[in-house]
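Everything below concerns the one structure shown next.
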Amino acid sequence: MRIQRQRVAVPVHVVVDVSASMHFGALRSKLQVAADFVEALGPSAFRVGDAVGLLAFDHEEREDLFMPPRHSRGAGIAMAEALRRCRSENAWQHDTVRHNGAAALQRVATRLSGRQGLVFLVSDFHWDLGGLDAVLDLLAPACVVPMIVWDPAETEPPPARALVAVSDAETGVRRSLWMREPLRAQWRDAVAARRDALHALFDAHGMAPFHLHGGFDAEAMTRYFLETVA
């Protein structure tokens, strides 16, 4: 993976959502996919002379996961290991995370307010987007890459004519649904509407999102930078 050729070193910050929904995944959790990206980012940043650091949030800022930017060959590995070990604190007790997600992210973003550099914002964005505009305004001086992490089990509904048990990824509340074709269509429509809403929001701030769908693709990341940043 290549970031972008630069004449001077810039600080690189990865802001990662570690809330309960990020621990979901049919084969591998979304947080593990995020960790794979962070691990690949470390050597790329090191090669071009950039320092890379980590900030994280769930329903609040996660100070325990904070790592200041450093230019080190092993920075990516250290950050990835921290993400793979982490748990969302009291995850299933905080059913207000949809409303607190943006507020927690805003507190994290305040650390970077007014700074230039490269910021990767890694999340599934399964929370109220009402406060995201303010967050993106705080990060305006930086080059921000929103990274939308979704799992195939979220975006594609189960087969029709089957009883399925579904869980709310944030609250842990379970319920059973009889999966009919109209419900499958509603499922797909809801996914498309959410994708469109996110793209419209980021586009309004001049940002192009990158999708992590079930795994991290280094070649796709390289193409992204060639097309949108370089």
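Throughout, read-outs are computed from the coordinates displayed, never taken from laboratory work. As the structure is a computational prediction, the values presented were derived from the model and not from experiment. Note that each Cβ is placed from the backbone with ideal geometry, even for glycine, and that neighbours are counted across all protein chains shown.
Tabulated results
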item: Inter-site label distance for ARG70 and GLU219 at 7 Å from Cα along Cβ, in nm; result: 3.4
item: For ASP217, net neighbour charge (Lys/Arg +1, Asp/Glu -1) across residues whose Cβ lies under 11 Å away; result: -1
item: Peptides ranked, highest mean first, by Cβ atoms within 10 Å: ranges 197-206, 49-58; result: 49-58, 197-206
item: Sum of side-chain charges, VAL33 neighbourhood, beta-carbon under 14 Å (Lys, Arg +1; Asp, Glu -1); result: -4
item: Net charge, ALA153 excluded, C-beta distance under 13 Å - Lys, Arg +1, Asp, Glu -1; result: -2
item: Mean Cβ neighbour count within 10 Å, used as a protection proxy, ranking 189-196, 20-27 highest first; result: 20-27, 189-196
item: Extension gain from ALA153 to ASP137, taking 0.36 nm per residue of separation minus the Cα-Cα distance; result: 2.5 nm
item: Computed Kirkwood radius, in angstrom, where 1/r is averaged over Cα pairs of region 183-224; result: 12.0
item: Ranked VAL16, VAL10, VAL145, criterion: other C-beta atoms within 10 Å, fewest first; result: VAL10, VAL145, VAL16
